[in-house]
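S.K.: Before anything else, here's the structure in question.
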Amino acid sequence: MAGKLIMVTGGARSGKSEFAERYVLHYSPKCDYIATAEITDAEMAERVRLHRERRNDGRWVNHEAPYGADKMFANLGEDTQAVLFDCLTIYMANLFYGKGSPDPEKVDFLQRCEYVYGEIDKLLKAARESGKIVVFVSNEVGSGIVPNTPVGREYRDLAGWVNQRVANACDSVFLCVAGQAVDVKKLAFKFED
C-alpha cells in the first residue's frame, strides 16, 4: 500500500509543529516521531526539550535520525499508521553541513545540492513505501530578509529548492501562518499541458 505524504511549512513560531502533531494524531492514536535535530548548544537543547515535553504522553514512538533518516522507515511501529518527520530543514542542514557531507573545499555548491537532493529523494521514496501517512515539517525561510553572508544565502536557496522538491512529491501542502493552516496545494495554479 502506498503511503500518503503531507508537508507542513511556515515561518518561525507559525504553529506548524503543533498543527503537524494534531494532524498525525487525528489519523492514528499512536504515531512515530522522527526527530532530526542534533543538540549542539543550550538553545537547541531547550527547543528539543520543549518538543519532547509535548510528546511525552505515551502516544509517540520516538526515533532520532539526524542522518540516514530514510533507513528509519524500516523501524517504524507496527501499531502506528502515521509518522511525524520534524524537521526537514534541519535534516537538510545536517546533510549539507554535517558529518559525511561533501567538502565545500572540494565540491562546488550545486554539486553539494545534488548530494542533498539524492538523500531527500531516498527519504521521500522510503516514506511513500512505508504505507503510512507521513507528515514532513519544514521551515519557510525564503520570505524574510536576504541573508548577509554567503553561507546564509546558500542555506536559504537550498531550503527553498528542497521545499519545492518535497512539496511536489506530497499529496497535500499546508502553510501555517499565525497558527492557521491552509492547504496551498489545493489552491495552487496548475498549468495545462
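S.K.: Taking residue 40 as the residue in question, decide whether it is in a strand (DSSP E or B) and either open to solvent by 10 Å² or more (accessible area, probe 1.4 Å) or over 13 Å from residue 134 (Cα atoms) (or both).
M.R.: No.
S.K.: On to the next question. Restricting to segment 46-60, give me the number of residues that are modelled with pLDDT of 90 or more and either in a loop (DSSP other than H, G, I, E, B) or in contact with a Leu (Cβ under 9 Å, 6 or more places away or on another chain) (or both).
M.R.: 2
S.K.: Same structure, new question: Please specify each residue of segment 7-32 satisfying the condition of being farther than 18 Å from residue 184 by Cβ, open to solvent by less than 10 Å² (accessible area, probe 1.4 Å) and part of a helix (DSSP H, G or I).
M.R.: Within segment 7-32, 24 is the sole residue that qualifies.
S.K.: Residues that are within 15 Å of the chain's Cα centre (by Cα) and within 23 Å of residue 29 (Cα to Cα): find the strands (runs of 3 or more DSSP E) completely inside segment 114-193 holding 2 or more of those.
M.R.: Ranges flagged: 133-139, 172-177.
S.K.: Here's something else I'd like to know. Pairs, please: C-beta under 9 Å, at least 6 apart or cross-chain, first residue under 30 Å from residue 105 (Cβ atoms) and open to solvent by 30 Å² or more (accessible area, probe 1.4 Å) and in segment 124-153, second among the hydroxyl-bearing types (Ser, Thr, Tyr) and assigned to a strand (DSSP E or B)?
M.R.: Here the result reads 139/9, each pair linking segment 124-153 to a residue that is among the hydroxyl-bearing types (Ser, Thr, Tyr) and assigned to a strand (DSSP E or B).
S.K.: Do you know which of the residues in segment 74-100 that are closer than 28 Å to residue 157 by Cβ and of a type in the set (S, T, N, Q) is most open to solvent (accessible area, probe 1.4 Å)?
M.R.: So, considering only residues that are closer than 28 Å to residue 157 by Cβ and of a type in the set (S, T, N, Q), the one most open to solvent (accessible area, probe 1.4 Å) is 94.
S.K.: For segment 61-73, give me each residue that is touching a residue at least 40 places away in the same chain (Cβ under 8 Å), of a type outside the set (Gly, Ala, Ser) and either assigned to a loop (DSSP other than H, G, I, E, B) or surrounded by 22 or more Cβ atoms within 10 Å (Cβ to Cβ) (or both).
M.R.: 73
The values are calculated or read from the model by the stated rules, or taken from the named source; none is laboratory data. In this text, all values refer to a predicted model and were calculated from it rather than measured experimentally. Every residue, glycine among them, receives a Cβ derived from its backbone with ideal geometry; neighbour counts consider all protein chains shown. Ligands, DNA and RNA are stripped out before the accessible areas are found, and what is left, the full protein with its side chains, is counted by its heavy atoms. Shrake-Rupley method; radii C 1.70, N 1.55, O 1.52, S 1.80 Å.
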